[in-house]
1. How far, in nm, would the chain grow between K52 and F439 when pulled straight, counting 0.36 nm per residue and subtracting the alpha carbon separation?
2. Taking K116 as the anchor, which lysines have their alpha carbon closer than 17 Å to its alpha carbon, excluding any fewer than eight residues away along the same chain?
3. Hey, got a sec? Which trypsin sites (Lys or Arg not before Pro) in segment 277-353 land in a DSSP loop and have at most 14 other Cβ atoms within 10 Å?
4. Order 191-197, 151-157 from most to least packed using the mean count of other Cβ atoms within 10 Å.
5. For the chain, what does -39500 (n - 2.57) per DSSP helix run (n ≥ 4), summed and divided by total residues, give at 222 nm, in deg cm²/dmol to the nearest 500?
6. Working out 0.36 nm times the residue gap between D158 and S86, then minus their Cα-Cα distance, what length gain in nm do you get to one decimal?
7. Over the chain, what relative contact order in percent results from Cα pairs under 8 Å that are six or more residues apart?
8. What full-extension length gain, to one decimal in nm, is calculated for T114 and D369 as 0.36 nm per residue of separation minus the Cα-Cα distance?
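The values are calculated or read from the model by the stated rules, or taken from the named source; none is laboratory data. Computed from a predicted model, the values in this text were never measured in an experiment. Using ideal geometry, Cβ is built from the backbone for each residue, glycine included, and neighbour counts are taken over all protein chains shown. Note: accessible area is taken over every heavy atom of the protein model, side chains too, but ligands, DNA and RNA are not part of it. Shrake-Rupley method; radii C 1.70, N 1.55, O 1.52, S 1.80 Å.
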Amino acid sequence: MNELHFELVVLGTGPSGGTVATKIARQDRHVAIIESREFGGTCALRGCNPKKVYTNAGSLVDQVRRATGTLLANTHVEISWTQLQSFKETFTRPVGQKSESPFQDDGIATFHGTAKFIGPSQLIVGDMKLSANRILISTGATPGALAFAGSEHVTYSDDFFELKTIPKKVLFIGGGYISMEFAHVVARCNIETTIVERDSMVLAGFDASLVELLVDYSKRQGIDFRLNRELLSIHPQSDGSLQVTLDNGDTIDVGLVVHGAGRVPNIKDLELDAAGIEYGDEGIAVDSYLRSTSNRNVFATGDCAASGMPQLTPVANEEARIVAKNLFTNTHESMPDYGVVPKVVFTTPAIASIGLSQQDAQEKSARVDVRMEDTSSWGSNRKTGATVSGYKVLIDKDTDQILGAHLLGPAAEETINLFALAMKHGLTAKEMKSTLFAFPTFASDVRQML
Ligand code: FAD
């Protein structure tokens, strides 16, 4: 077996691994990067970016349909799945083709294959043995295992993006953001769409009253929610369809069952025990500097690190920025400055959230001003034909600090960033309200929320 030594070996070419490898190589250090699939990572190839192409299509259909008889007279629009899929490829194909050479241009040695540890500082990939002074694990997340009969017939989100056609009936397992976003696109293709969720409501972690408004609207778009239900089995039928059985005995025949039941750190195949790296269900155990708690030469970033942060690209980016500073210093280490992390579900309309929930805010203090309103009658929303929108903003009555903001409606995915800016920099509600925003915009509505 050939052996090579590097100052840094990085596992994974997503937003966190790729960024760190490049930054360190530009400090004239000897760096290698290993990727088990196409170079480029989840966000660019199988996550945020292709997803947004699909959700934009659903959103356009929704915009046109809801403008029937008001903004528009003729509202016949349709999504061609085949066309949408090939348009998506114009974004993803170049990533796969062009992601490797920039690493090589920076002098980084690139390896294809699944990396596995064989010692505290040693790995194998294919027929190569690599050792390194520092190792960064940035292997992302993967769909969690499903334990029911016929789970092998489930389609994962990666494969969902590759479908050239879409069957007439689709069922999503789980009511998290992946299911909700995909379901909102699929339903706008006039396809029978079902979401099965074991809890009493979808989108845990988002404001319950706004989620209810979104679910009502989703039902009107044709999405069938089976709440408080578990999926027991999937049986292929002779006509090629899949029969899904739920725990109450209901059966649903569909053409496709999609896994939207959560993602877990992608660390199972790494043989972490061989390197003495501690890990758990939340990922690789790291300290506040993203350094392994048990192997001081190893760091972890992004979705595979148990940093306590959500699995999102901006989090992975921030962790990469910090690890690039910390890798080769034992003193003056930097900690991530996550601030408050905005979360968005790109349904139509989008739902967005930042900071504390109402319950968490009220548990911390009795003096919370809860401002909430159904804003579907506001001019900004009505002008787009929107019929569902609302907000909840939580303000500390003593300090006037904004504790949390929760939005549903047109442009919620953009407007939430204003709250992110205000909350990160400690603007009071009064200061934010005193800012002049361009009018008529959704941003200008923020002043009325404070
Ligand atoms: P990743 O980008 O996952 O990269 C990890 C890389 O490591 C992969 O390329 C993988 O192939 C490789 N790898 C794995 N194991 C090995 C191994 N043993 N050896 C070598 N290489 C290995 N986030 C947002 O912020 N906004 C969104 O709208 C959003 N939408 C999403 C939609 C979907 C459908 C999905 C699946 C994810 C979405 N995300 C979104 C999450 C986002 O993609 C991740 O948070 C982000 O990509 C994490 O970056 P990372 O660097 O940790 O890992």
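1. Numbers: separation 387, 0.36 × 387 = 139.32 nm, distance 2.66 nm.
My answer for the length gained is 136.7 nm.
2. Cα-Cα hits under 17 Å: K129, K268.
3. Working: sites: R291, R296, R321, K325, K343; in loops: R296.
Passing both the DSSP loop test and the Cβ count: R296.
4. On the way: 191-197: 23.3, 151-157: 15.6.
Top of the packing list down: 191-197, 151-157.
5. On the way: 14 runs with 135 residues, N = 450.
Here the helix-only value at 222 nm equals -8500 deg cm²/dmol.
6. Numbers: separation 72, 0.36 × 72 = 25.92 nm, distance 1.50 nm.
Here the segment from D158 to S86 would lengthen by 24.4 nm.
7. Details: 961 pairs, mean separation 67.5, N = 450.
Dividing the mean separation by the residue count of the chain yields 15 percent.
8. Numbers: separation 255, 0.36 × 255 = 91.80 nm, distance 5.14 nm.
Extra length available between T114 and D369 comes to 86.7 nm.
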